[in-house]
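Worksheet: the structure to be examined is printed underneath.
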Amino acid sequence: ACGQPQDGKAISSDQADFRVETISQGLEHPWSLAFLPSGEFLVTERRGTLWRIDADGNKREINGVPDVYHAGQGGLLDVVLDPEFQNKGWVYFSYAATDDNDDDIANTEVARARLNLDQNRLTDTEIIFKAQPKVEGGNHWGSRLLFARDGTLYITLGERFNYEDQAQDPSNHLGALIRIH
(Lines give C-alpha, C1' and ligand atoms only; values in the text may rest on other atoms or scores of the structure.)
Protein backbone atom coordinates (compact mmCIF):
# COMPACT_ATOMS: atom_id res chain seq x y z
CA ALA A 1 0.00 0.00 0.00
CA CYS A 2 1.24 3.45 -0.87
CA GLY A 3 1.11 6.29 1.60
CA GLN A 4 3.09 8.95 3.38
CA PRO A 5 5.82 7.65 5.70
CA GLN A 6 5.16 8.44 9.32
CA ASP A 7 7.38 11.03 10.97
CA GLY A 8 10.24 9.46 12.93
CA LYS A 9 9.54 5.95 11.71
CA ALA A 10 12.50 3.93 10.42
CA ILE A 11 12.20 2.81 6.80
CA SER A 12 14.31 0.19 5.08
CA SER A 13 15.09 -0.16 1.40
CA ASP A 14 17.45 -2.39 -0.56
CA GLN A 15 20.16 0.31 -0.44
CA ALA A 16 19.76 1.97 2.98
CA ASP A 17 17.83 2.43 6.17
CA PHE A 18 16.56 5.92 6.87
CA ARG A 19 14.18 7.89 9.04
CA VAL A 20 11.67 10.49 7.83
CA GLU A 21 11.60 13.71 9.83
CA THR A 22 9.37 16.65 8.98
CA ILE A 23 11.33 19.89 9.33
CA SER A 24 8.80 22.37 7.94
CA GLN A 25 5.25 22.36 6.65
CA GLY A 26 3.04 24.54 4.49
CA LEU A 27 5.25 24.63 1.41
CA GLU A 28 3.49 24.82 -1.95
CA HIS A 29 5.12 22.52 -4.54
CA PRO A 30 8.67 22.52 -3.14
CA TRP A 31 11.04 21.56 -5.93
CA SER A 32 14.58 21.59 -4.62
CA LEU A 33 16.73 22.21 -1.59
CA ALA A 34 20.30 23.15 -0.86
CA PHE A 35 22.06 22.68 2.46
CA LEU A 36 23.67 25.83 3.88
CA PRO A 37 26.88 25.46 5.92
CA SER A 38 24.96 26.67 9.01
CA GLY A 39 22.69 23.62 8.87
CA GLU A 40 19.81 25.62 7.40
CA PHE A 41 18.18 24.85 4.05
CA LEU A 42 17.29 26.82 0.96
CA VAL A 43 14.05 25.50 -0.55
CA THR A 44 12.53 26.53 -3.87
CA GLU A 45 8.79 26.61 -4.40
CA ARG A 46 7.59 26.25 -7.95
CA ARG A 47 5.49 29.44 -7.68
CA GLY A 48 8.71 31.48 -7.41
CA THR A 49 9.46 31.69 -3.70
CA LEU A 50 12.86 30.89 -2.21
CA TRP A 51 12.80 30.00 1.48
CA ARG A 52 15.48 29.81 4.14
CA ILE A 53 14.44 27.21 6.69
CA ASP A 54 16.22 26.51 9.97
CA ALA A 55 16.38 23.21 11.88
CA ASP A 56 13.29 24.20 13.90
CA GLY A 57 11.25 24.68 10.71
CA ASN A 58 11.17 28.48 10.86
CA LYS A 59 10.81 29.90 7.34
CA ARG A 60 12.17 33.21 6.09
CA GLU A 61 11.60 34.31 2.52
CA ILE A 62 14.66 35.21 0.49
CA ASN A 63 13.92 38.37 -1.50
CA GLY A 64 15.42 39.31 -4.86
CA VAL A 65 14.38 36.25 -6.87
CA PRO A 66 13.94 37.23 -10.56
CA ASP A 67 10.49 37.14 -12.16
CA VAL A 68 9.49 33.51 -12.55
CA TYR A 69 7.05 32.18 -15.13
CA HIS A 70 4.81 29.91 -13.10
CA ALA A 71 2.66 27.70 -15.33
CA GLY A 72 2.10 23.96 -15.41
CA GLN A 73 5.32 22.32 -14.26
CA GLY A 74 7.34 25.52 -14.69
CA GLY A 75 8.46 27.90 -11.98
CA LEU A 76 11.41 28.29 -9.64
CA LEU A 77 13.21 25.00 -10.04
CA ASP A 78 16.63 23.86 -8.80
CA VAL A 79 19.04 25.58 -6.40
CA VAL A 80 22.68 24.73 -5.63
CA LEU A 81 25.47 26.44 -3.74
CA ASP A 82 28.73 27.38 -5.42
CA PRO A 83 31.43 24.90 -4.39
CA GLU A 84 33.18 27.87 -2.73
CA PHE A 85 29.98 29.30 -1.25
CA GLN A 86 31.58 30.10 2.11
CA ASN A 87 34.16 32.35 0.40
CA LYS A 88 32.16 33.72 -2.53
CA GLY A 89 28.49 33.54 -1.45
CA TRP A 90 27.15 32.50 -4.89
CA VAL A 91 23.91 30.55 -5.21
CA TYR A 92 22.87 29.13 -8.61
CA PHE A 93 19.23 28.51 -9.49
CA SER A 94 17.11 27.58 -12.47
CA TYR A 95 13.66 28.85 -13.29
CA ALA A 96 11.11 29.20 -16.05
CA ALA A 97 11.22 32.57 -17.81
CA THR A 98 9.32 34.14 -20.67
CA ASP A 99 10.78 35.72 -23.76
CA ASP A 100 11.55 39.43 -23.38
CA ASN A 101 9.14 40.25 -26.22
CA ASP A 102 6.48 37.54 -25.87
CA ASP A 103 4.92 36.44 -22.56
CA ASP A 104 3.35 33.38 -24.24
CA ILE A 105 6.62 31.54 -24.84
CA ALA A 106 9.16 30.48 -22.22
CA ASN A 107 12.03 28.17 -21.37
CA THR A 108 14.49 27.46 -18.59
CA GLU A 109 17.05 30.03 -17.49
CA VAL A 110 19.87 29.72 -14.98
CA ALA A 111 21.14 32.57 -12.85
CA ARG A 112 23.53 33.09 -10.03
CA ALA A 113 23.30 35.60 -7.22
CA ARG A 114 25.06 36.36 -3.97
CA LEU A 115 23.08 35.28 -0.94
CA ASN A 116 23.08 37.93 1.78
CA LEU A 117 22.05 35.95 4.85
CA ASP A 118 21.92 39.05 7.08
CA GLN A 119 19.21 40.57 4.86
CA ASN A 120 17.67 37.34 3.48
CA ARG A 121 18.23 38.71 0.00
CA LEU A 122 19.78 37.79 -3.34
CA THR A 123 22.04 40.47 -4.80
CA ASP A 124 24.28 40.85 -7.86
CA THR A 125 22.03 38.54 -9.90
CA GLU A 126 23.46 37.45 -13.27
CA ILE A 127 21.64 35.31 -15.83
CA ILE A 128 24.28 32.85 -17.03
CA PHE A 129 22.22 30.68 -19.39
CA LYS A 130 18.97 30.94 -21.40
CA ALA A 131 17.63 27.78 -23.04
CA GLN A 132 16.58 28.31 -26.65
CA PRO A 133 14.16 28.28 -28.25
CA LYS A 134 11.45 29.69 -26.03
CA VAL A 135 8.30 27.68 -26.67
CA GLU A 136 4.62 27.56 -25.67
CA GLY A 137 3.32 25.25 -22.96
CA GLY A 138 3.98 24.48 -19.34
CA ASN A 139 5.40 20.94 -19.34
CA HIS A 140 8.76 19.18 -19.12
CA TRP A 141 11.14 21.92 -17.95
CA GLY A 142 13.63 19.43 -16.53
CA SER A 143 16.26 21.41 -14.75
CA ARG A 144 18.66 19.97 -12.30
CA LEU A 145 21.96 21.68 -11.55
CA LEU A 146 25.16 19.94 -10.47
CA PHE A 147 28.73 21.10 -9.94
CA ALA A 148 31.42 18.64 -10.97
CA ARG A 149 34.61 18.36 -8.94
CA ASP A 150 36.43 20.59 -11.44
CA GLY A 151 33.91 23.42 -10.91
CA THR A 152 32.01 22.80 -14.15
CA LEU A 153 28.26 23.42 -13.83
CA TYR A 154 25.97 20.87 -15.49
CA ILE A 155 22.38 21.80 -16.37
CA THR A 156 19.76 19.29 -17.42
CA LEU A 157 16.87 20.58 -19.51
CA GLY A 158 13.51 19.10 -20.36
CA GLU A 159 12.40 18.71 -23.93
CA ARG A 160 9.43 21.05 -23.23
CA PHE A 161 7.00 18.44 -24.57
CA ASN A 162 8.65 18.61 -28.01
CA TYR A 163 10.06 15.12 -27.78
CA GLU A 164 9.02 13.88 -31.22
CA ASP A 165 10.73 16.50 -33.36
CA GLN A 166 13.17 18.56 -31.35
CA ALA A 167 14.57 16.66 -28.35
CA GLN A 168 17.38 15.02 -30.32
CA ASP A 169 18.21 18.07 -32.46
CA PRO A 170 21.63 19.43 -31.40
CA SER A 171 20.82 22.88 -32.86
CA ASN A 172 18.57 23.69 -29.86
CA HIS A 173 18.55 23.16 -26.08
CA LEU A 174 15.37 21.06 -25.84
CA GLY A 175 16.15 17.91 -23.85
CA ALA A 176 19.83 18.84 -23.59
CA LEU A 177 22.58 18.46 -21.04
CA ILE A 178 24.56 21.71 -20.86
CA ARG A 179 28.06 22.14 -19.46
CA ILE A 180 29.27 25.56 -18.33
CA HIS A 181 32.89 26.22 -17.42
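For the range 138-173, a residue qualifies if it is closer than 22 Å to VAL68 by Cβ, among the hydrophobic types (A, V, I, L, M, F, W, C), assigned to a loop (DSSP other than H, G, I, E, B) and open to solvent by less than 50 Å² (accessible area, probe 1.4 Å), and exactly one does: TRP141. With respect to the conditions (1) open to solvent by 20 Å² or more (accessible area, probe 1.4 Å); (2) among the aliphatic types (A, V, I, L, M); (3) over 23 Å from GLY142 (Cβ atoms), ILE53 falls short on a single one, namely (1).
The condition of being aromatic (Phe, Trp, Tyr) and without any contact (Cβ under 8 Å) to a residue 24 or more places away in the chain holds for only one of PHE85, PHE41, PHE93, that being PHE41. Quick one: count up the residues across the range 1-54 that are touching a Gly at 6+ places or on another chain (Cβ under 6 Å) and either over 21 Å from LEU145 (Cα atoms) or among the aliphatic types (A, V, I, L, M) (or both). Summing the residues that are touching a Gly at 6+ places or on another chain (Cβ under 6 Å) and either over 21 Å from LEU145 (Cα atoms) or among the aliphatic types (A, V, I, L, M) (or both) in the range 1-54 gives 2.
What are the residues in the range 13-58 that are over 17 Å from LEU77 (Cβ atoms) and outside any loop (DSSP other than H, G, I, E, B), if any?
Listed by number, the residues that qualify are ASP17, PHE18, ARG19, PHE35, ARG52, ILE53.
The values are calculated or read from the model by the stated rules, or taken from the named source; none is laboratory data. Owing to the predicted nature of the structure, the values given are computational and were not obtained by experimental measurement. Counting neighbours? That spans all protein chains shown, and the Cβs are built from the backbone with ideal geometry, glycine included. Side chains included, ligands, DNA and RNA excluded: accessible areas come from the protein's heavy atoms. Shrake-Rupley method; radii C 1.70, N 1.55, O 1.52, S 1.80 Å.
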